[in-house]
1. Of all the helices (runs of 4 or more DSSP H) wholly in the range A:25-128, which have at least 3 residues that are more than 11 Å from chain B (Cβ to nearest Cβ) and under 15 Å from the mean Cα position of the chain (by Cα)?
2. Search the range A:10-54 for residues being in contact with a helix residue (DSSP H, G or I) (Cβ under 7 Å, 6 or more places away or on another chain) and of a type in the set (A, V, I, L, M, F, W, C), and hand back the single one that is farthest from ligand 1 (Cβ to nearest atom).
3. For the range A:56-85, which positions are surrounded by 21 or more Cβ atoms within 10 Å (Cβ to Cβ) and out of contact with any Lys or Arg (no Cβ under 9 Å at 6 or more places or on another chain)?
4. Exactly one condition in (1) part of a helix (DSSP H, G or I); (2) at pLDDT 90 or above; (3) away from ligand 2 (no atom under 16 Å from the Cβ) is false for A:Cys187; which is it?
5. Being more than 17 Å from the chain's Cα centre (by Cα) and crowded, with 17+ Cβ neighbours inside 10 Å is the filter here, so list the residues in the range B:124-147 that pass it.
6. Every residue in the range A:140-184 that is of a type in the set (Phe, Trp, Tyr) and modelled with pLDDT under 85, please.
7. Residue under question is B:Leu21, and the condition is that it be farther than 27 Å from B:Ala194 by Cβ, hydrophobic (A, V, I, L, M, F, W, C) and out of contact with any Asp or Glu (no Cβ under 9 Å at 6 or more places or on another chain); does it hold?
8. Please verify whether B:Asp53 is free of Cβ contacts under 8 Å to residues at least 60 places away in the same chain and either assigned to a helix (DSSP H, G or I) or over 15 Å from B:Val222 (Cβ atoms) (or both), treating the condition exactly as stated.
Amino acid sequence: MSEHRAVVVDGVSKVFNRGTPRQVEALVDIDLTVGGGEFVSLIGPSGCGKSTLLRLVANLIEPSTGEVLVAGKDAPRARLDQEYGMAFQQAGLFDWRSVARNVELPLELKGWDGSRRRRRALEMLQLVKLTDFADHKPWQLSGGMQQRVAIARALAAHPRLLLMDEPFGALDEMTREHMQAELLRICAETETSVVFVTHSIPEAVYLSDRVVVMSPRPGRITEIIDVDLGPSRTVETREDASYFKKITEVREALRAGEDDRETEAVVAEERSSR
Amino acid sequence: MTRRRLLTSLGPPIVFGLAFLGLWEAVVRGFDLKPYFLSAPSKIVEAIGDNVDNVWDATVVSGTNALVGLVIGTLLGVAVSFALMRFRVLDDLVTPLAVALNAIPIFVLVTVFNNMFAITSEVPRRLMVTIVVYFIVLVNVAKGLRQVQPTHLELLRSYAASPTAVLSKARIPNAVPYLFTALRIAAPAAVITAFVAEYFGGSQNGLGYGITSNSAGSKNAVAWAYVVGACTLGLVFFLIAVSLESYINTRRGLGPGGGTT
Ligand SMILES: Nc1ncnc2c1ncn2[C@@H]1O[C@H](COP(=O)(O)OP(=O)(O)OP(=O)(O)O)[C@@H](O)[C@H]1O
Ligand SMILES: [Mg+2]
């Protein structure tokens, strides 16, 4: 049943600037399925195509080959139906709007009326602990606070799917842990599925049901690791032995991906020198 | 606090200006320079006093020309910049042309316009100001409409925003500081164009005409009185535009210097 699948990525490749000297093979043969309510992290070295994969799911770019389904619909349809919310590496707030009005933006585009928007925006700001700053302008906030506003904005319309690209990268460790716990709580409550890009192995393990490990360019999925830490994760989870075991497993998978590439490079070199 | 800041920032230029005037006066008297060569500030003040009505009338004429051209040029510039954004081809054609025209003194075109209209008409000058302002506003506002943060465009795309929504939620607000930067440049340019255009003939009532017609012999001091009028007019336009720009930029958190280049 496709309705139970939040995301299906089927045989997707992405080549940028095909046929030009700046041609980049960003993704090769990606197959990935995200179930309803599932939390999946993408992890891999810089430039391996994590953001590209996320943008393909969001239909911000088109795949070169293959097919992307979101909520059972093809990706363009899903985007038009606003099936997902998104948070980027950069907060991307609108300078001329107050914090609350930034959070209201997706609701505005959905045609919600003013008071309903405002109520939801304040609810979301409470979630990220920024109620006091509702009427501030974004540039009056620190980088981390701005990122929290961006997360509130992504959650505002209560989408069934969240696409997040290193959203916590700019936060301090304590805020980050708090945001991670909050994100898990919200997703569990609302049965939201998440595709989450991160550079942090502990973050990936703590948050995810599955961690997708990707290899350096051209990006492939080298391994998908099930993280079975029980239904609810708490502060204790971070000190649990099974948590550390998973972290090690992901780290080794990442290193294996790198090694593969080195072997390939050596083989290619030998081939060309022959 | 702010008053003291104002004093410390305004104090030195004022002192310098007064000292300069004093020196000027002393040189004219000390070397006994003839009025047709250089008038003393005291004589100029006298001339302003004697001709206050004439100078005021001329200032109103030139000021009105500048203002009318500024308003129409701004409206036109904004309107066309939207059209450029809508139609890419137009943009590729017009923008390089506009940039090039901004770099040359196109106000000499006023001689052509003078031949097209009645000799007493103010239209040629207003038309000239309009054209100068139009290109400045066009180039800047078009840039503001185009240079939107890529993240903003992606976000709006992810919200399935219509082209109209992209315009109203991102492009137009983004272009606002660019408009006020354009006005800061265009306002003094409008005044300069308005009275330089008077040098090229046409009706004989503005500041530029007052300067040229009086800048001979004993009337030199009167010419200077018109110069003072012209400077004041230019300063007023400039200060209003600068205040507007810094007000807008402060509200945006860009700082009074502006974030638009
Ligand atoms: N619009 C584009 N045009 C051309 N090449 C692109 C474009 N977007 C990404 N790329 C290339 O695709 C590759 C993957 O980029 P991507 O941003 O997906 O990496 P990433 O895994 O998100 O990296 P990071 O962890 O540093 O964010 C890179 O080599 C990048 O240069
Ligand atoms: Mg990235």
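1. A:50-57
2. Result: A:Phe39.
3. A:Val57, A:Val68, A:Ala75, A:Ala78
4. (2)
5. Hits for the range B:124-147 are B:Pro124, B:Ala142, B:Lys143, B:Gly144, B:Leu145.
6. none
7. No.
8. Criteria met by B:Asp53.
The values are calculated or read from the model by the stated rules, or taken from the named source; none is laboratory data. Computed from a predicted model, the values in this text were never measured in an experiment. Cβ atoms come from the backbone with ideal geometry, glycine included; neighbour counts cover every protein chain shown.
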